[in-house]
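Q: Let me begin by handing over the structure; questions about it come next.
The values are calculated or read from the model by the stated rules, or taken from the named source; none is laboratory data. This one's a predicted model, so the numbers in the text were calculated from it and none came from an experiment. Virtual Cβ from ideal backbone geometry, glycine too; neighbours counted across all protein chains shown. Surface accessibility is based on the protein's heavy atoms, side chains included, excluding ligands, DNA and RNA. Shrake-Rupley method; radii C 1.70, N 1.55, O 1.52, S 1.80 Å.
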Amino acid sequence: MKRIFTLILSFGFLSGVIAQNVDQFVISGGGNFAADAGSGISLSWTIGETVIATLDNEGSGPILTQGFQQPLSMFTGQIVVVPEGWSGLSSYIDYTTDVSVLMAPIIEDFIILKTLTVVYWPPINNIGPWDSYIGYKIKVENEVSLYFEGTEVTNKVVDLNEGWTIIPVLANHNVSTEDLFGALGTTLEIVKEIAGNGVYWPSQGINFLPFLSPGRAYMVYTYAEASIDYAGLKGLPIEGQFYPEYVNQTPWNDVLPTGTSHTIAVTADALAQVEGLDFGDVIGVFTQEGLCAGTLQLNGYTSSVSLTAFSDDETTKLTDGFDVNEAMTLKLYKPATNEEFVLVAKYDESMQHTNLFAPGGLSKITGLEKSTIGLGDFILRDVELYPNPASTFVTLNVIGQISDKAMLSIYGAEDGKVLREEPLASSQVRLNVSTLPQGVYFVRITDVDRVVVKKLIIQSNK
């Protein structure tokens, strides 16, 4: 079980706070406590005696001793359990050791630690000392524990940049998202989990992230520089609905949550437009190669909901999610009848993004309906480009047949700017690309409800 352990020691009593996504466990008085197997946590104590937490030299975790027993080494600080894969990481401890030293005990499972600008990806280390006032993205091979030795930071204020910021949690207890960000008003756009589906998006009426947990870090988007203050926020039970845990019972692949994502708001009106939508149905967002990179299970929502689409993972050679500016396709799966449909979405054009994936992208779907063409009845199936790379001409060959509604567009991979758009009158055309500067582009073919996007590399023809 993924937990964050915080040990608070004093004369005559021990209290331990264990924060998880949805619950808290408090130990007080005399007694004993044993965590899950493999966690390295085993506590026992008696009222009235001094209790000391020690960090075992063998690396097995904190051990409590009493009375006149002398521990090998004192440990005061925070223990953060980091889950397998990508997640957000922070600490409320005043800790400034180099990140390479912090990660040394877990180096066999460690893959990467990064902020929005710098990275520790051995042997590369652009981060240097740990900074408790920023949040990090981390990826590990297996679940591990990190030990932050020291005392709590006294200054609980975190500065926010205009745009995206990765924030730490500077509290030793869960914190209400609404209480922490309420004072920002319309300056705040969104707070979301790293490698998760939890989203607090007040302008869209969405709160699948009722509280933030110590040890984790979160993505925050604001329209101006601002700050948040953890001081005075209490760790009382917090009401709210988390994004529900999802067990994949679809014919689709399991989604791999990565460190970068695009968030899509789906309005209640859009959901209401889908004929026959039932409790338990699943909406998936797919790459143009047919990979499911995000899911939303419908549990009788009467307000707007969010769908998270995950990017490709830069640390793997396999395709795990979306490329930048890749078109996002939606499908619906109905477990009760084992039916699958393509969904046609209408996007709000006033938002930052629409149906093309962008790191940190924000989109809004205002209309949604089942496609009139079944999954096996697509006219447009695939597209070939050759030669690729190209310098002067490239041949586009459609696999399948196209209708008179087929359109061709070419746009830049970096900025998404459409450079060419025209009807596609034939299943095979020869395109003059000699005027395009050297670089990477996307060629997009749309026909009825089908979209195919292919990467095109232009080499210098000089």
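Q: So in segment 405-455, with the set limited to residues that are open to solvent by less than 50 Å² (accessible area, probe 1.4 Å) and acidic (Asp, Glu), which one is modelled with the highest pLDDT?
A: Top of the filtered list is 447.
Q: Restricting to segment 195-228, what's the tally of residues that are among the aliphatic types (A, V, I, L, M), within 22 Å of residue 155 (Cα to Cα) and either under 13 Å from the mean Cα position of the chain (by Cα) or open to solvent by less than 10 Å² (accessible area, probe 1.4 Å) (or both)?
A: 5
Q: Only one of (1) in contact (Cβ under 8 Å) with a residue 40 or more places away in the chain; (2) open to solvent by 10 Å² or more (accessible area, probe 1.4 Å); (3) of a type in the set (Ser, Thr, Tyr); (4) within 25 Å of residue 201 (Cβ to Cβ) is not met by residue 308, so which one is it?
A: Among (1) in contact (Cβ under 8 Å) with a residue 40 or more places away in the chain; (2) open to solvent by 10 Å² or more (accessible area, probe 1.4 Å); (3) of a type in the set (Ser, Thr, Tyr); (4) within 25 Å of residue 201 (Cβ to Cβ), the lone unmet condition for residue 308 is (2).
Q: Something else: Could you run through segment 251-272 and say how many residues are within 23 Å of residue 117 (Cα to Cα) and open to solvent by 20 Å² or more (accessible area, probe 1.4 Å)?
A: As a first pass, look at segment 251-272 and keep what is within 23 Å of residue 117 (Cα to Cα): 257-263.
Pick out the ones that are also open to solvent by 20 Å² or more (accessible area, probe 1.4 Å) and you get 257, 260.
Here the count works out to 2.
Q: Residues that are over 23 Å from the mean Cα position of the chain (by Cα), farther than 29 Å from residue 211 by Cα and among the aliphatic types (A, V, I, L, M): list the strands (runs of 3 or more DSSP E) wholly contained in segment 229-348 that include at least 2 such residues. Reasoning before the result, please.
A: Values: elements: 261-266, 282-286, 292-297, 305-310, 329-334, 339-347.
Qualifying strands (runs of 3 or more DSSP E): 339-347.
Q: Applying the selection to segment 202-211, what residues are in a strand (DSSP E or B) and under 25 Å from residue 83 (Cα atoms)?
A: 207, 211 - these are the residues of segment 202-211 that are in a strand (DSSP E or B) and under 25 Å from residue 83 (Cα atoms).
Q: Additional query: Which pairs have Cβ atoms under 6 Å, sit 6 or more apart or on different chains, and link a residue in segment 385-410 that is closer than 12 Å to residue 428 by Cβ to one that is surrounded by 16 or more Cβ atoms within 10 Å (Cβ to Cβ) and among the basic types (Lys, Arg)?
A: 385/454
Q: Moving on to the next point. How do the pairs read when you match residues in segment 431-459 that are free of Cβ contacts under 8 Å to residues at least 40 places away in the same chain and closer than 18 Å to residue 287 by Cα with residues anywhere that are open to solvent by less than 30 Å² (accessible area, probe 1.4 Å) and not polar (S, T, N, Q), using Cβ under 7 Å and keeping only pairs 6 or more apart or on different chains?
A: What qualifies is 441/410; 441/411; 441/412; 441/413; 441/456; 441/458.
Q: Counting only residues that are in contact with a strand residue (DSSP E or B) (Cβ under 7 Å, 6 or more places away or on another chain) and β-branched (Val, Ile, Thr), which one in segment 332-352 is nearest to residue 367 (Cα to Cα)?
A: 344
Q: So residue 277 ticks every box in (1) open to solvent by 60 Å² or more (accessible area, probe 1.4 Å); (2) in contact with a helix residue (DSSP H, G or I) (Cβ under 8 Å, 6 or more places away or on another chain) but one. Which box is left unticked?
A: Result: residue 277 passes all but (1).
Q: If you check residue 88 against the conditions, is it under 21 Å from residue 201 (Cβ atoms), outside any loop (DSSP other than H, G, I, E, B) and open to solvent by 10 Å² or more (accessible area, probe 1.4 Å)? Let's see the steps before the verdict.
A: Values: under 21 Å from residue 201 (Cβ atoms): yes; outside any loop (DSSP other than H, G, I, E, B): yes; open to solvent by 10 Å² or more (accessible area, probe 1.4 Å): no.
No.
Q: Determine whether residue 121 is among the hydrophobic types (A, V, I, L, M, F, W, C) and touching a Phe, Trp or Tyr at 6+ places or on another chain (Cβ under 7 Å). Talk me through it step by step, then tell me what you get.
A: Values: among the hydrophobic types (A, V, I, L, M, F, W, C): yes; touching a Phe, Trp or Tyr at 6+ places or on another chain (Cβ under 7 Å): no.
For residue 121, the condition - among the hydrophobic types (A, V, I, L, M, F, W, C) and touching a Phe, Trp or Tyr at 6+ places or on another chain (Cβ under 7 Å) - is not met.
Q: Okay, moving on. Report, by residue number, each residue of segment 62-80 that is open to solvent by 10 Å² or more (accessible area, probe 1.4 Å) and either modelled with pLDDT of 95 or more or polar (S, T, N, Q) (or both).
A: Scanning segment 62-80 gives 65, 66, 69, 70, 73, 76.
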